[in-house]
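Down below is the structure, laid out as structure tokens.
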Amino acid sequence: MPPTIAVTECDHDAFLEEEAVARESGVELRIGQSRTRDELIDNCRDADAVLVQYARIDADVMDALPRLRAIGRYGVGVDSIDIDAATARGIAVCNVPDYGTEAVSDHAIGLTLAVARGIPRTDRGLREGRVDLPAVRPLYQTRGRTFGVVGLGRIGAATARKAAGLGYEVIGHDSLAEPGSTHHGVPAVTLDELCTRADVVSLHVPLTPETRGLIGGEQLALMRDTTIVVNTARGGVVDVPALVDALRAGRLGGAGIDTHEDEPLPVDHHLTRFDNVVLTPHLAWYTEESYGELKRRTIENVVEVLDGRMPRNIVNPEALGVGRTALTHDIAGGAR
């Protein structure tokens, strides 16, 4: 019997890349759309590996799948998977940490410019017969302004490069970068200094216990009333009630938000009530190029595990008896 790889659930419109890799590798691919935890277990009980988009895979789910040897995450972040439990059970957890680098950094810049130039608001006004320039003043050019990048992994570094190309002075903060040093070509500062100096604060960190609520009331209070917050990382890295309070009080210039703790974002969410907030539905990761690469590499990783090889991307090499070496630093980056 060939190994079985099961898709737990996925909102992609086709699985041509996965099917092609499965054929070439001699594995059976089973595509499911499990809506509940019990359905997932029933659909994947005999699977040697699973491909996961949104489903939460914890210790109990792993124990209910006795043949499970690998979990492939469609995306970068792995906060929906219990990594410690997987490692203890010898289950490899794989992601695709660099497929969306260009797409997400493009989107972060796009959100920045959309908010900074008031583009959505003036577009709506013009469609209604109004020239609404007073509503979006003051407007500033990029040259001479400061762009702060929080998280200088692959996506953060790409965003910094693009912001510099637009004329911004770029500074960054990263847990691995000593303030006063240069990290990936970006001057590193403390988080407090970044929040104080930056006209744009763009977030590119994974969601971990340490980064949850990283930008909260204390950090928002350091920002100027013209500062723009951009989040293409994970919804939980921003304390959203604190962000809403700052926007309501006029203590921020605006926000561009792609990732949300509740997805899809409820239509009556507080953030939808601000004209200086641009919202997108967690699509920063998507381009035609990144979409195909994501799908192909997600299944390739788990095929390599099933073949007894070290996959290109693995979050917990200890599960395969390999010491932790240079693991990917940028494991969230706002990708799906």
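Using a 1.4 Å probe over the heavy atoms of the protein chains, calculate the carbon and sulfur portion of the accessible area of segment 1-104 as a whole percent.
Whole-percent figure for carbon plus sulfur exposure: 47.
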Given a Förster distance of 30 angstrom, what is the FRET efficiency for Asp11 paired with Arg161, based on the Cβ-Cβ distance and rounded to 0.05?
0.45
Once you compute Rg and the Kirkwood Rh from C-alpha atoms, what is the Rg to Rh ratio for segment 94-191?
1.09
Please compute the per residue accessible area over the chain with all protein chains in place, 1.4 Å probe, rounded to a whole number of Å².
45
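So, with +1 on the Cβ of K and R and -1 on the Cβ of D and E, and no other charges, what is the size of the charge dipole of the chain about its Cα centre, to the nearest 20 debye?
Its charge dipole is roughly 1000 debye.
Length gain on complete extension for the stretch His269 to Asp132, per 0.36 nm per residue less the alpha carbon to alpha carbon distance? Provide the component values of the computation, followed by the final result.
Details: separation 137, 0.36 × 137 = 49.32 nm, distance 2.46 nm.
Full extension of this stretch gives 46.9 nm more.
Run the accessible area of segment 263-319 with a 1.4 Å probe and give the carbon-and-sulfur part as a rounded percent. Mind dumping the intermediate values first?
Working: 1450 of 2790 Å².
It is 52 percent, rounded to a whole number.
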Which value in deg cm²/dmol, rounded to the nearest 500, describes the helix-derived mean residue ellipticity at 222 nm for the chain, given -39,500 (n - 2.57) per DSSP H run of n ≥ 4 and division by the residue count?
-9500 deg cm²/dmol
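For segment 182-336, state the average projected area of the convex hull of the C-alpha atoms over all orientations, rounded to one decimal in nm².
11.3
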Once you've got the GNM for the chain with C-alpha springs shorter than 10 Å, pick whichever of Gly256, Gly235, Gly144 has the biggest mean-square fluctuation.
Gly144
What are the residues whose amide H is under 5 Å from the amide H of Thr226, where those residues sit 5 or more places off or on another chain and H is modelled from the backbone?
Gly253
Would you tell me the accessible area of Thr226, worked out with a 1.4 angstrom probe on the heavy atoms of the protein chains, in Å² to the nearest 10?
40
At 7 Å along Cα-to-Cβ for each site, give me the label-to-label distance between Asp123 and Ala64 in nm.
4.3
Which value does Rg/Rh take for the chain over its C-alpha atoms, Rh per Kirkwood?
1.01
Amide H of Val278: which non-local residues (sequence gap of 5 or more, or other chain) have their own amide H closer than 5 Å, using H built in the peptide plane?
Ala255, Gly256, Ile257
quick shape note, segment 108-160: Cα extents on principal axes in Å, largest first -> 44, 21, 13
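Over segment 140-237, with every protein chain in place, what whole percent of the accessible area is carbon and sulfur at 1.4 Å, could you tell me?
Working: 1990 of 3860 Å².
The value for segment 140-237 is 52 percent carbon and sulfur by accessible area.
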Could you tell me whether segment 142-248 comes out rounded, prolate or oblate from its Cα gyration tensor? Rule is a ≥ b ≥ c as square roots of the eigenvalues, rounded for a/c under 1.5, then prolate if a/b exceeds b/c, otherwise oblate.
oblate
What's the angle, to the nearest 10 degrees (0 to 90), between helix 16-25's Cα axis and the longest principal axis of the chain?
30
Phi-based couplings in Hz for segment 57-73 (Karplus 6.51, -1.76, 1.60; Gly and Pro marked x)
10, 10, 4, 5, 5, 4, 5, 7, 10, x, 9, 5, 10, 8, 10, x, 9
Take every Cα pair under 8 Å in the chain that's 6+ residues apart, average their separations, divide by the length, and report that relative contact order as a whole percent.
21
May I ask you to evaluate 6.51 cos²θ - 1.76 cosθ + 1.60, the Karplus curve with θ = phi - 60°, for each residue of segment 248-260 and list the ³J(HN,Hα) values in order in whole Hz, giving x for glycine and proline?
4, 7, x, 8, 9, x, x, 8, x, 10, 9, 10, 9
Taking the simple approach of a point 7 Å from Cα along Cα-to-Cβ for both Glu210 and Ser175, what is their distance in nm?
0.3
Amide H neighbours of Arg73 at under 5 Å, excluding residues fewer than 5 places away on the same chain, with H built from the backbone geometry, are Val52, Cys94, Asn95
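The values are calculated or read from the model by the stated rules, or taken from the named source; none is laboratory data. Because the structure is a prediction, the values reported are computed rather than measured. As a convention, Cβ positions derive from the backbone with ideal geometry for all residues, glycine included, and neighbour counts pool all protein chains shown. Accessible surface areas use protein heavy atoms only, side chains included; no ligands, DNA or RNA. Shrake-Rupley method; radii C 1.70, N 1.55, O 1.52, S 1.80 Å.
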